[in-house]
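Notes to accompany the following structure.
The values are calculated or read from the model by the stated rules, or taken from the named source; none is laboratory data. All values reported here derive from a predicted model rather than from experimental measurement. Quick reminder, even Gly has a Cβ in these numbers, built from the backbone with ideal geometry, and neighbours come from all protein chains shown. Quick note on the areas: whole protein, heavy atoms, side chains included, nothing else; ligands and nucleic acids left out. Shrake-Rupley method; radii C 1.70, N 1.55, O 1.52, S 1.80 Å.
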Amino acid sequence: MKRSSKSEGKKQAKARKAKKPSAVKSFFTGRAGITAYVWLYFMIFTVFILVFMWLFQYAFLANYYRSAKIRDINKAANKIIDAYDTDRESRTNKTVAYDNSLCIVITDEAGNVETLENNLGSFSQLSRDVTENYSLEIFQLKNELDDADENYITKVYKNPDFEVKGIYYCAKIYTDDAPKQAYLFIESTIEPIDSTVSIIREQLIYITVILFEMAFIVTMFISMRVSRPIVNITKTAKRFGEGDYEVEFDGKGYKEVDELSEVLNDAKNEIRKVSDLRKELIANISHDLRTPLTMVKAYAEMIRDLSGDNPVKRAEHVQVIIDEADRLSNLVNNLLELSKLESGNMELNIKEFSVNDKLKDCMTRYQLLIEQNGYDIQCELDDDRKVKADPDKIDQVIYNFINNAINYTGDNKVIRLRQIDLDNAVRIEVSDNGKGISKELLPKVFDRYYRGERVKRDVVGTGLGLSICKEILKCHDFAFGVRSEEGKGSTFWFEIPL
């Protein structure tokens, strides 16, 4: 059988591997790992940056350079106009022409040249036009400016000798003496120098290669760094899913993974508690069912084989069978009631009743136990108060607290049922003088089938009494608890709000 199960497990593992899709297929079907996603997104981002850089260098560089050059010419023109007809005019014209590689021409209204500063050399069309006394470009620009609504115009041209593009700038110069006393003409190339462009584009190729390599390495590192704690948690979760409750979820990563690890550890502890409780519950129920069933069977066989013809013995044996059957019935009823309470299907019948009357009525059940077995059970009442709750369920809580005290009280069998009136509630306490409960075990006393070191008494419960009490009080939304000191007994209590 073991060999068969192992071979079957290997077959299932192979089948899972065979069904496992490839990495590419997993990605397109949305089942790829976080490492692949991080790597892909980072690489896409890198490609986007490189495409943007290449577009800028090849497609937009000329337009950007032209716009920047026009802005620079506008600034230079403003400086020249501000210095016109002042003692700074000559120096300003020379400086502006040199700093910006411009050809500057200033003429009067008739087109006569007043100033010529050429820093373009043989590239300058304006300089050639003026020096050769053609002035065709100047008059054409002047006429276009006069026809325009603006104070200046710009015009792009292509130099036929050098196959480069340039720009003309023409503006009117106003002075205080005459509104149109002079014209300013500026010429500049608007194409970047070829050697500079070649260097920039060559650098761009190297930058692209280096950036791709760095992006690949950095992306792999980041993706592994991001996915490693999640992969570790996944491996731990698989072990936990196989039933290993000793695993510890440890993110060792970023904040979110650490928080996830804490949540998973809390969930693991709760599931382990549930699993332990389930095992304990099955063991205890099996034990509690087996004992009375064994007694029923044994006494039934005794009636059949020994006491069938003896009325006295037969009656005794039949009574034992009836008592054990009642015990079985009580256990099953308690399990059903606890199940109803925990599932929220139990309906409460809320009524108003007297606390004094309720506690006195509870005490009547234990008169026989007090008289025959020597128990010292007393009820200490405070001023009577009216409260609202389900009286039958409150009866059950008080009875279970008293029965629990009877099972655990000390040798002098002292038990106290108290009513304590508070400002906005009535507290009901049941105290015993038994061995008490340690601080470590106090949180477990209301758990299903929790068993302490029980003292054998005349009243024996099913092990579910305190769990039923807890669920009833939770349904009422009443505060409850227990306080205990080892060697001095325990006190179980709950409060009914006014």
*What full-extension length gain, to one decimal in nm, is calculated for Lys75 and Asp146 as 0.36 nm per residue of separation minus the Cα-Cα distance?*
23.4 nm
_Students often forget the sequence filter, so: which aspartates and glutamates lie under 18 Å Cα-Cα from Lys351 once same-chain residues fewer than 8 apart are removed?_
Asp361, Asp384, Asp390, Asp392, Asp395, Asp477, Glu495
*Could you give the Stokes-Einstein D for the stretch 203-262 in µm² per second, using the C-alpha Kirkwood radius, 20 °C, 1.002 mPa s?*
157 µm²/s
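At a Förster radius of 60 Å, what calculated FRET efficiency corresponds to the Cβ-Cβ distance of Val209 and Ala479, to the nearest 0.05? Before the final figure, lay out each step's value.
Numbers: r = 72 Å, r/R0 = 1.21.
It comes out at approximately 0.25.
In whole percent, how big is the carbon plus sulfur part of the accessible area of the stretch 46-167, probe 1.4 Å, protein atoms only? Could the numbers behind the result be given before it?
On the way: 3720 of 7340 Å².
Exposed carbon and sulfur together represent 51 percent of the surface.
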*Along Cα→Cβ, 7 Å out, is where each label goes; now give me the distance between the ones at Arg128 and Phe52 in nm to one decimal.*
4.2 nm
_Once ligands and nucleic acids are excluded and a 1.4 Å probe is used, how much of Asp423 is accessible, expressed in Å² to the nearest 10?_
150 Å²
*Can you tell me how much longer the chain between Tyr174 and Ala36 gets when fully stretched, taken as 0.36 nm per residue apart minus their C-alpha distance, in nm with one decimal?*
42.9 nm
*Residue separation times 0.36 nm, minus the C-alpha to C-alpha distance between Asp82 and Asp447: what's the value?*
122.0 nm
_Which log10 I(q)/I(0) values does the stretch 47-157 give at q = 0.10, 0.14, 0.22 Å⁻¹ under the Debye formula, counting every alpha carbon as one identical point scatterer?_
-0.38, -0.68, -1.38
*How far apart, in nm, are the 7 Å Cα→Cβ label points at Ala300 and Ser275?*
3.8 nm
*Can you spot the aspartates and glutamates whose alpha carbon is less than 13 Å from Lys268's alpha carbon? Ignore those fewer than 8 places along the same chain.*
Glu242, Asp244, Glu246, Glu248, Asp250, Asp276
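With a probe of 1.4 Å, find how much accessible area the stretch 103-146 has per residue, and write the answer as a whole number in Å².
Working: 2140 Å² over 44 residues.
With the other protein chains kept in place, the stretch 103-146 gives 49 Å² per residue.
Stick to Cα atoms and the Kirkwood definition of Rh, then tell me Rg/Rh for the stretch 377-434.
Rg/Rh for the stretch 377-434 comes to 1.01.
Hey, what's the Cα Rg ratio for the stretch 61-109 versus the globular rule of thumb, 2.2 N^0.38 Å?
Working: Rg = 12.1 Å, N = 49, 2.2 N^0.38 = 9.7 Å.
Here the answer is 1.26, to two decimals.
Give the Rg/Rh ratio for the stretch 291-440, taking Rg as the radius of gyration of the Cα atoms and Rh as the Kirkwood radius, to two decimals. Let's see the in-between values first.
On the way: Rg = 20.2 Å, Rh = 18.7 Å.
Radius of gyration relative to Kirkwood radius: 1.08.
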